[in-house]
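This report refers to the structure that appears directly beneath it.
Just so it is clear, none of the values below were taken in a lab; they were calculated from the coordinates. All values derive from a computational prediction rather than experimental measurement. No Cβ is skipped: glycine too gets one built from the backbone with ideal geometry, and neighbour counts run over all protein chains shown.
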Amino acid sequence: MVSGRSWTAGRLCVFAVVFLFCFPCLVWAKSKSVVPGTSASGSAPLDVTANRIDYRQDQEVYEADGSVVILQGTMRLTADHVTIEALSGVVHASGHVHLTDPQADVTTERMDFNVNTEAGVITHGQLYVPQSNTLVGGRLLQRFSEYHYRVKEGAFTNCDAQDGEVPAWRFKFDDMDLNVGDTLALKGAWLCVADVPVVPFPTITYPLSNRRSGFLVPQVGFDSRFGVHLQDSFYWAINPSQDLTIAPSYYSKLGYGSDVEYRYVIDQKSRGQWYVSYLQQTALPNVTGVDQTSSDVKQARALIAGTHTQQFTETLLLRGNANFVTDPNYLQQLSNSGSQRALPSNESNLLLNQRLPYGNAYILGQYLQPLQSGGRDTFQRLPETGYTLPNVPLFNSPLLFGMEGDFVNFYREEGFSLNRVNVVPGISTDVIDLGHVVGLTPQAKFREVYYTRGAQSDASLHRETFWAGIDATSKLSRRFGLDGGGSLLHTIEPTVMYEYVPGTDQSKIAQIDQIDDLPKKNLLTYALRNRVLEHDGTNTFNWLDLTVAQSYHAGAVQTRARDFGPGVTPPLGSLTQPLQPATVAVQGRKFSDVWMRAVIGNTAPQFTQSQMAAQAFGRGAGNFGTQRPTINQYLTVDAFFDPYRGQLSQWNTDLRIQESTNWYLEVGQRFSRDGNRERRGDIWNPISFNEVYAPTPEIQFATAGGGFRTPWGWTIGAKGYYDLKTKRSPEYDIVALYQNPCKCWSLGLFYLQFPDRAQYNFMLNLTGIGWTENFGTQVMRSILSPLLWGERGLPWASPTGPYGRFQSGASTGGAPGR
């Protein structure tokens, strides 16, 4: 049996629908008359016209000859001759019989059925469903009951095959047994390509619904380092709200194992999914960083990932997320995801959040499993609890009061643990208008932090500090009319903000996060935002969104900068868990670099109405598979200009252009000159430049991607990354998809090149039947979806397409190729 998760042969259910629509309507021939009349069952009247209509009263038989047309609502039946036996309820139609309704067309030479038992026979008939382009034909089509049908010596296809054309593919069979809403079974079947038998199926059964237990389509692939990959999967629909997938796999140069996925929806407020990938390694991975002479060959390796969401009430939410691997090198050696291979740690967390009439309270447990950085002395938040109160009027006055606070128990397996209490009350005012031109907003926050111990001492510590700031903002705008009723809106928003934080002694504090690092601040930041928007009544286009900002040190300048370079030994703590960051001397400057950010075009992604209403339910982080790819055209530039050296210190750009669904191009680059890096924002203000980091080497990086359609049915795309300094590419992907003219089948090819291995494979789709799926599916979908979104016949789930299965993106890891 083949599971319905990969096979969507339910299109043949329309065969049953046609009978359900056409049989009951002809009961009128028995109960009343073939002439226009009123039905006892309340159905629409049945109109019969013909060249001649005879009624044999002794036998209670109606005979209609010559150009017979029977109409009832949207149903239309034509034939050369129709006989209706009123007593037995038997109806005979012969000669160019053609039945049409909004769902399907039926053509045959003879149709016999009994309106009492609802059983019937169609001789040498065909059923065509325009919506799915499905054609079913056979020598004999039998209907045994409302849900049970059988077809003898027939064929079916979803390809264009009208007027006797040979379809690109079709299944020919000796016998087909159909149970509507349950299963479809074929005996003596062949898969024919261009009407040439290619693959035999002596017997095959697959479900007509998307949630039926059975085997999925097997996966076959090849990896230059891991060898041939074989995987078969069994899908178990436990009940309507739970399912389990077990997928044994084999790698010829690595080992064998299995993936297990469990998904559940307890109710509308509770759902989750858990994924386990197990690998019994029999050979060392032939990848970078693995000593091929090591004796540690045979070992069990696994990944566990899962999420659970529980909405207890409208205001109380529980959300859990788990990510574990058996060894720190698992993702780096086996994952095909560049972001996963570079992860410094695996994060698992459990969050309980309670919305209150005034504010928000939460309890958080967070565990970081060290991968590329960290160790047994890494601090874990077990647990953290906090409360946040947004600004509320204080005694109905113009003053606004807000507060945030938290308690954290920092635990670690090796080394000391500590507790920290952080309380931050704040006060501000509503905007104070000065002549309706400038708005002033004074603010102040006071921070009290208590520690149960210090970085070197068991004695408790506490630190008090405050942040005071005032910002002045203005807004100038003008609207210009355009021909055709549109308009241009030009807005200029200058902002000036002053901030002050007194210096405090941080030398005795274990600096774990930004709450523990509060440098002095005597800073003036000024910014100018310039926007030009075009409105045409329903749509808005961003012609320009330009922001320029710079900070000025009103007090002393920075003399030392934190150094986060790899291998730098901190003054306190270890490489895996610094307690005090390493610093280097820097030459402070009064003026920071000038930050500039320009955006031309609309960068926000687009969504369909069904996407926004639907709930993602599938393996993996995020819901990429449910999101419509961005089809906007835009250019973004993010840069820092060094006013002292008169040159750019950082320069980042992203360009995207697309011409309908014909082609698109994405190009990006990242450049950072050697030297200090500006720190963007801090815990007090996200747009300020109070510090710089220690000097780092120059970075030059480029990315490019795109796709295009060809006149020959091929859609080709690629994506790559290139380090201009090392002259190396960490990854590039090339994909191609062929769709035949009627899109009843498609063939996908892909090639993935990593620094230490290459992978390539193919994907095949028979529209309305199913497709093969493997580790390159997500890559191909991400590259080609901007051009193919919503089309039929794709070798992956398409939520807006007629054969889409709603699912989320790629898995969070797993065995090689996942």
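Determine, for each peptide in 704-711, 591-598, the mean count of other beta carbons within 10 angstrom over its residues, then list the peptides with the highest first.
Details: 704-711: 16.1, 591-598: 18.6.
So the order, starting with the most tightly packed, is 591-598, 704-711.
Run the numbers for F401 and I687: contour at 0.36 nm per residue of separation, minus the present Cα-Cα distance, in nm. Don't skip to the answer; put the middle values down first.
Details: separation 286, 0.36 × 286 = 102.96 nm, distance 2.25 nm.
The F401-I687 span can extend by a further 100.7 nm.
How much net charge surrounds G66 when only other residues with a Cβ under 13 Å from its Cβ are counted (Lys, Arg +1; Asp, Glu -1)? All intermediate terms of the calculation are to be shown ahead of the outcome.
Details: positive: R52; negative: D54, E63, D65, D80.
Summing Lys and Arg as +1 and Asp and Glu as -1 gives -3.
Report, by chain and number, residues whose modeled amide H sits under 5 Å from the one on W745, excluding near sequence neighbours (fewer than 5 apart, same chain).
Residues meeting the amide H criterion: N740, T767.
Could you derive backbone 3J(HN,Hα) for region 696-701 from the dihedral phi with the Karplus parameters 6.51, -1.76 and 1.60 (θ = phi - 60°), listing whole Hz in sequence and x where the residue is Gly or Pro?
Each residue's phi maps through the Karplus curve to give 10, x, 5, 10, 9, 9 Hz.
Considering only the other residues whose Cβ falls under 15 Å of the Cβ of H81, what net charge follows from Lys and Arg at +1 and Asp and Glu at -1?
Value of the local net charge: -4.
Mind checking which lysines have their Cα closer than 21 Å to the Cα of K152? Skip sequence neighbours fewer than 8 apart in that chain.
Result set, ordered by chain and number: K172, K187.
Enumerate the calculated ³J(HN,Hα) couplings along region 754-762 in order (Karplus 6.51 cos²θ - 1.76 cosθ + 1.60, θ = phi - 60°), each rounded to whole Hz, writing x wherever the residue is Gly or Pro.
The phi angles translate into 10, x, 10, 5, 10, 9, 8, 5, 9 Hz.
Just tell me which lysines come within less than 25 Å, Cα to Cα, of K520; anything on the same chain fewer than 8 places away is out.
Reachable lysines: K445, K508, K590.
So what J values fall out for region 583-590 if you push phi through Karplus, 6.51 cos²θ - 1.76 cosθ + 1.60 with θ = phi - 60°, rounded to Hz, Gly and Pro as x?
Each residue's phi maps through the Karplus curve to give 10, 10, 6, 9, 8, x, 9, 5 Hz.
Check the straight Cα-Cα distances from K269 and name the aspartates and glutamates below 19 Å, setting aside those fewer than 8 residues away within the same chain.
Within the straight-line cut-off, K269 pairs with D243, E314.
For every other residue with a beta carbon closer than 9 angstrom to the beta carbon of P581, add +1 if it is Lys or Arg and -1 if Asp or Glu, then tell me the sum.
Combined, the nearby Lys, Arg, Asp and Glu give -1.
Starting with the highest mean, order 529-539, 270-280, 502-512 by the number of other Cβ atoms within 10 Å, averaged over the residues of each peptide. Provide the component values of the computation, followed by the final result.
Details: 529-539: 13.4, 270-280: 19.4, 502-512: 15.9.
With the highest mean Cβ count within 10 Å placed first, the list reads 270-280, 502-512, 529-539.
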